[in-house]
Amino acid sequence: MAEFLTPKNQNLVLTRYDYRITFGKTGRARYISHLDLMRAFQRAFKRAGIPIWYTQGFNPRAYLNFPLPLALGIDSMVEKLDVALIEELSFEELTDRLNSVMPEGICVVSSAKPVDKHTEIAFAEYEISFDCVNKSAEDIKKKFEEFINQDKIEIEKKTKRKGIKLVDIKEHINVKSIEAGDMLRFVLVLPAGCEFNLNTSAVIDAFCKYAEIEIDNIYTKRT
């Protein structure tokens with residue numbers, strides 16, 4: 001009768017040290033996918049010689065958790081990464097060692113111990129600037145104000161059971177400021193987290209459809 005093999009890491013006890021890293025993803029790096037971002041950090045920890053804590057079981061995995069993945073093409077200096085190590089490092093050393101091996105466009109701003117749970121994230125703030133073909137910033141501003149002041153702002157959303165349905169996102173859009181200069185600039189606060197997510201592109205696409213306009217240039221930053 002064949003003997004069952006005991007996993008090598010069964011009953012392995014390693015002290016775990018939890019850290020929350022704040023990092024930036026800007027420039028060309030804003031166009032890399034979330035999967036590539038995970039790979040970049042895994043390589044960075046390895047190059048820096050920082051030992052990551054691995055999950056136990058038959059398929060051990062490095063504990064790297066990005067609480068709120070950033071959409072493609074958006075800049076940010078406030079992204080979060082929760083990581084567990086098997087070696088205790090000072091916040092300064094962890095930050096410096098990672099930055100010494102990071103690729104262009106990704107930098108660690110700070111390191112700290114986690115305080116709140118990542119599941120408590122509820123909202124994210126964005127700065128958005130854009131202009132449109134053959135439209136002045138002032139004209140776009142007036143149209144955007146009309147758009148926001150509608151009774152309903154409906155978008156199509158895919159569901160597993162009912163296919164595509166219309167969802168009213170009016171109550172979920174909080175416009176903190178809006179101004180017209182060489183481009184239209186505004187600040188939005190949108191739901192983000194475990195309960196409900198609203199991407200900036202959903203809002204912008206709905207506005208373009210309402211105003212029947214075409215965006216020429218756009219820049220988005222999560223703040």
For Gly49, state whether it is assigned to a loop (DSSP other than H, G, I, E, B) and within 23 Å of the chain's Cα centre (by Cα). no
Scanning the range 75-93 residue by residue, those more than 22 Å from the chain's Cα centre (by Cα) and of a type outside the set (Val, Ile, Thr) turn out to be Leu85, Glu87, Glu88, Leu89, Ser90, Phe91, Glu92, Glu93
Within the range 28-66, restricting to residues that are touching an Asp or Glu at 6+ places or on another chain (Cβ under 7 Å) and in contact (Cβ under 8 Å) with a residue 60 or more places away in the chain, the one that is least open to solvent (accessible area, probe 1.4 Å) is Ala29
Any residue in the range 155-172 that's closer than 28 Å to Phe144 by Cβ: show its pairings with residues that are small (Gly, Ala, Ser) and assigned to a helix (DSSP H, G or I) at Cβ separation under 8 Å, as long as the two are six or more apart or on different chains. Ile155/Ala202; Ile155/Ala206; Ile169/Ala202; Ile169/Ala206
What is the one condition in (1) open to solvent by less than 50 Å² (accessible area, probe 1.4 Å); (2) part of a strand (DSSP E or B); (3) in contact (Cβ under 8 Å) with a residue 40 or more places away in the chain; (4) of a type outside the set (Ser, Thr, Tyr) that Ile204 does not satisfy? (2)
In the range 186-215, the residues that are under 18 Å from the mean Cα position of the chain (by Cα), over 20 Å from Asn134 (Cβ atoms) and of a type in the set (A, V, I, L, M): Val187, Leu188, Val189, Leu190, Ala192, Leu198, Ala202, Val203
Evaluation of Asp216 against (1) assigned to a loop (DSSP other than H, G, I, E, B); (2) more than 23 Å from Gly24 (Cα to Cα); (3) touching a residue at least 60 places away in the same chain (Cβ under 8 Å) (one fails), failing number: (1)
Using the structure shown, decide if Asp168 is under 19 Å from Phe123 (Cα atoms), open to solvent by 50 Å² or more (accessible area, probe 1.4 Å) and in contact with an Asp or Glu (Cβ under 6 Å, 6 or more places away or on another chain). yes
Pairs under 6 Å by beta carbon, first residue within 29 Å of Ala202 (Cα to Cα) in the range 104-128, partner among the hydroxyl-bearing types (Ser, Thr, Tyr) and open to solvent by 50 Å² or more (accessible area, probe 1.4 Å), six or more apart or different chains? Glu125/Thr223; Glu127/Thr223
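The values are calculated or read from the model by the stated rules, or taken from the named source; none is laboratory data. Just so it is clear, the structure is predicted and the values come from calculations on it, not from any experiment. Here the Cβ is made from the backbone with ideal geometry for all residues, glycine too, and neighbour counts use every protein chain on show. For the accessible areas, the whole protein counts, side chains as well, though only heavy atoms, and no ligand, DNA or RNA atoms are used. Shrake-Rupley method; radii C 1.70, N 1.55, O 1.52, S 1.80 Å.
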